[in-house]
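J.: The structure under discussion is supplied below as structure tokens; questions concerning it will follow.
The values are calculated or read from the model by the stated rules, or taken from the named source; none is laboratory data. A quick note: this is a predicted structure, and the numbers were derived from the prediction, not measured. Glycine gets a Cβ as well: all are built from the backbone with ideal geometry, and neighbour counts include every protein chain shown.
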Amino acid sequence: METAGAGGLKDRVRSNWDHAVLVCRKCSKKLDGGFGPDGDERLAKALRRHLSLKKGRKAAAGIVEVNCLGVCPKGAVTVVNGAQARDWLLVRPGADLDALAGALELAPPRD
């Protein structure tokens, strides 16, 4: 249910997400790719493509690049599963995206 607040503005917006995954933009930028079939994509894009997810609110899960998460590992990207925010993942280039999707509890791609 969407309600209107002061001045008729919406105070809620629906999404189809059942998971929200935060990927550090700064880590991804430092690595300059390293993911995907050719190793030339940033992690968020490669994972989204691997799981056949759309972008935005209509996707089944949200994979969002965010500003620096403050961990700054050498040679890895920091990833946070919003449902399990206590344990952050450090993902190295060339990581198995099926294994990462499993660790993030995201549905594997359908064949």
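J.: Out of (1) modelled with pLDDT of 90 or more; (2) surrounded by 15 or more Cβ atoms within 10 Å (Cβ to Cβ); (3) small (G, A, S), the odd one out for G36 is which?
T.: (1)
J.: Right, here's the next one. Filter segment 47-73 down to the residues that are over 13 Å from L104 (Cβ atoms) and either buried (at least 20 other Cβ atoms within 10 Å of the Cβ) or not hydrophobic (A, V, I, L, M, F, W, C) (or both) and list them by number.
T.: Those that are over 13 Å from L104 (Cβ atoms) and either buried (at least 20 other Cβ atoms within 10 Å of the Cβ) or not hydrophobic (A, V, I, L, M, F, W, C) (or both): R49, S52, K54, K55, G56, R57, K58, E65, N67, G70, P73.
J.: Working carefully through the options G39, G82, G34, G70, find the one that is in contact (Cβ under 8 Å) with a residue 60 or more places away in the chain and either over 26 Å from R14 (Cα atoms) or β-branched (V, I, T) (or both).
T.: G34
J.: Among the residues of segment 7-31 satisfying the criterion of being in contact with an Asp or Glu (Cβ under 9 Å, 6 or more places away or on another chain) and assigned to a loop (DSSP other than H, G, I, E, B), which is surrounded by the most Cβ atoms within 10 Å (Cβ to Cβ)?
T.: Filtering segment 7-31 for residues that are in contact with an Asp or Glu (Cβ under 9 Å, 6 or more places away or on another chain) and assigned to a loop (DSSP other than H, G, I, E, B), the one surrounded by the most Cβ atoms within 10 Å (Cβ to Cβ) comes out as H19.
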